[in-house]
Amino acid sequence: MNEDGLILIDKPMGMTSAQVVAAVKRRFRFAKVGHGGTLDPNATGLLVLLVGKGTALSQQVMCGDKTYQGEILVGTETNTQDLDGEVVAELPYDLVSEEKLRSAMSELRGDIYQTPPMASAIKVGGVPLYKLAHKGQTVEREARLIHVYDFRLLAYEAPVGRFEVVCGKGTYVRTLCHDVGKALGCGACMKSLRRISSGKLHLDDAITLDAALALDRDALLARIIPAWRYAQQ
């Protein structure tokens, strides 16, 4: 069977993307495995694994538009813009209505400039920002142009709102949540995140990591999307 292609995994919470790659590589003894776009350890959802010659499709996969669903926690700011970090401010949120939250999200649609968070893998002087952040350092980051196709509120039960965002490459969803909090004047951070799609690839077609690791080699290979087929999409 063809070993060159894509495997769609529903990444569990608490694992890094690299740990998922290593687990699949070790279990099935693939010579080469990568992924098409990192998910933070506490994010879940679609992680595209690239096997064999499929690793050459890395940039093509990463450039695809992404859809996420998640939760925003209003009234709380952290130093990582999500709940993985330390709380740096807690402010009253009682004046934040569903309408105000929805409006603040809509203002972040379209082409916008976004400053990457310190807790990110972007390198400054060859050093990832998160390593500097762990040392308590903050450095100047250049704002980058991103595109947000849609950012909408699905439900709000104070202080937690559920949202869906469709965005282009390089978008930090936790920074969108942080910026919503700034606009509201009470702070906010991302509470949870789940990737639903990447380009034409969808979570509905993914398999959980535990289920994947329980398969025999032939059964897993049967789930591979051939590299040639994806390249022609």
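Bear in mind these aren't lab numbers, they're just calculated from the coordinates by the rules spelled out. Predicted, not measured: the structure shown is a model, and the values here were computed from it. Heads up, the Cβs are rebuilt from the backbone with ideal geometry, glycines too, and the neighbour counts pull from every protein chain shown.
Data table
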read-out	value
For the chain, calculated [θ]222 nm from helices alone, where every DSSP H run of n ≥ 4 adds -39500 (n - 2.57)	-6500 deg cm²/dmol
Filtered GluC sites (Glu not before Pro), segment 139-195: DSSP coil and at most 14 other beta carbons within 10 Å	140, 142
Amide H partners (placed H, <5 Å) of residue 15, local residues excluded	none
Pair residue 32, residue 211: separation of 7 Å Cα→Cβ label points (nm)	2.9 nm
Cα gyration tensor shape for the chain, rounded if a/c is under 1.5, else prolate or oblate	prolate
Distance between modelled label sites at residue 145 and residue 183, nm, 7 Å Cα→Cβ extension	2.0 nm
Entries in 11/32; 53/191; 25/191 that, when Cα-Cα distance is taken, lie over 26 Å	53/191; 25/191
Order of 150, 84 - criterion: other Cβ atoms within 10 Å of each residue's Cβ, fewest first	150, 84
